[in-house]
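Step one of this worksheet: look at the structure below.
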Ligand SMILES: Cc1ncc(C[n+]2csc(CCOP(=O)(O)OP(=O)(O)O)c2C)c(N)n1
Ligand SMILES: [Mg+2]
């Protein structure tokens, strides 16, 4: 069955992958591969432990979306700030947080990254520039602009990376934030982790403008769609946007098209999509892609 969603997987053809891979060293591919594999293994273990009721609360897995954090981590620098929503396990791992302090957080231990008080949705690691883990959909959008404002005010060249879901872009605060961020030319990059679903609601059920990269255009914000199954494409888009932000030229919106292989959270019968749709996206798996290039 053909994929009917607004988002469709961009094929990583052999030709495309050969021309992209020549731009990056083998070491970069090995780093992406290791980071993404570590994230995936952490997530698989987390899913198992949750089902075994080893820890409670909510739990949202990032499996399938790893190329976004891998490509961002390789294109950013120390001092940059990062924040996201509740699907937050992968970001600190990509930034170098010890997975053991994240696992301790899931178990509610005082040795956890948020002293055991935050749980799965509220990871935090200031030492790596990771400013959370936020459970309120869209809350981090305005906060991210605030963090960018603080960096600009302090005269640093640090950039704030604010990730949000395709559902979160429907929060009104996004528009106030985009307006102020552009008006003040804040060093902030808005990343839509566009996995095409907000819980069970697809992008095309939510809006008549299914191309989310257009949302920034009415603010004259540089905006583009990016293949989220490709760490190369993510790295290039992030590097270009970060360079602009560091020069004082303000924000960018990246509509990064990805897919979550698992349900929204741990209890999701997934009636809103077909197995074929999931399989079609899995063919573009970024970990397998990096392994093919390394070999
Ligand atoms: C303000 C607010 N409204 C509703 C919810 C319930 N809720 C949790 S996740 C979610 C879907 C968000 O989807 P999306 O932004 O696409 O992110 P994804 O889960 O796909 O990463 C909703 C509606 C919430 N946490 N906060
Ligand atoms: Mg989504």
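Values quoted throughout were computed directly from the atomic coordinates according to the rules given, and no laboratory measurement underlies them. Bear in mind the structure is a predicted one, so any value in this text is a computation, not a measurement. Here the Cβ positions follow ideal geometry from the backbone for every residue, glycine too, while neighbour counts run over all protein chains shown.
Hey, residue 230 hits all of (1) touching a residue at least 40 places away in the same chain (Cβ under 8 Å); (2) out of contact with any strand residue (DSSP E or B) (no Cβ under 7 Å at 6 or more places or on another chain); (3) closer than 15 Å to residue 253 by Cα but one; which does it fall short on?
All conditions are met except number (3).
So which helices (runs of 4 or more DSSP H) stay within region 225-295 end to end and still have 3 or more residues that are under 20 Å from residue 188 (Cα atoms)?
Once the helices (runs of 4 or more DSSP H) in region 225-295 are filtered for at least 3 residues that are under 20 Å from residue 188 (Cα atoms), what remains is 231-246.
So residue 215 fits all but one of (1) touching a helix residue (DSSP H, G or I) at 6+ places or on another chain (Cβ under 7 Å); (2) closer than 27 Å to residue 61 by Cα; (3) away from ligand 2 (no atom under 15 Å from the Cβ); what number is the exception?
The one condition residue 215 does not meet is (3).
Quick check, is residue 162 within 14 Å of ligand 1 (Cβ to nearest atom), surrounded by fewer than 24 Cβ atoms within 10 Å (Cβ to Cβ) and closer than 21 Å to residue 253 by Cβ?
Judged against the criteria, residue 162 is not a match.
Does at least one position in region 114-132 carry a residue that is more than 30 Å from residue 55 (Cβ to Cβ), buried (at least 17 other Cβ atoms within 10 Å of the Cβ) and within 16 Å of ligand 2 (Cβ to nearest atom)?
No, every residue in region 114-132 fails to be more than 30 Å from residue 55 (Cβ to Cβ), buried (at least 17 other Cβ atoms within 10 Å of the Cβ) and within 16 Å of ligand 2 (Cβ to nearest atom).
If I ask for residues that are within 27 Å of residue 260 (Cα to Cα) and either in a helix (DSSP H, G or I) or near ligand 1 (Cβ under 8 Å from one of its atoms) (or both), which ones from region 178-195 would you list?
Result: 178, 193, 194, 195.
Is it the case that residue 211 is touching a residue at least 40 places away in the same chain (Cβ under 8 Å) and surrounded by fewer than 17 Cβ atoms within 10 Å (Cβ to Cβ)?
It is true that residue 211 is touching a residue at least 40 places away in the same chain (Cβ under 8 Å) and surrounded by fewer than 17 Cβ atoms within 10 Å (Cβ to Cβ).
So in region 196-206, with the set limited to residues that are exposed (fewer than 15 other Cβ atoms within 10 Å of the Cβ) and more than 8 Å from ligand 1 (Cβ to nearest atom), which one is farthest from the chain's Cα centre (by Cα)?
205
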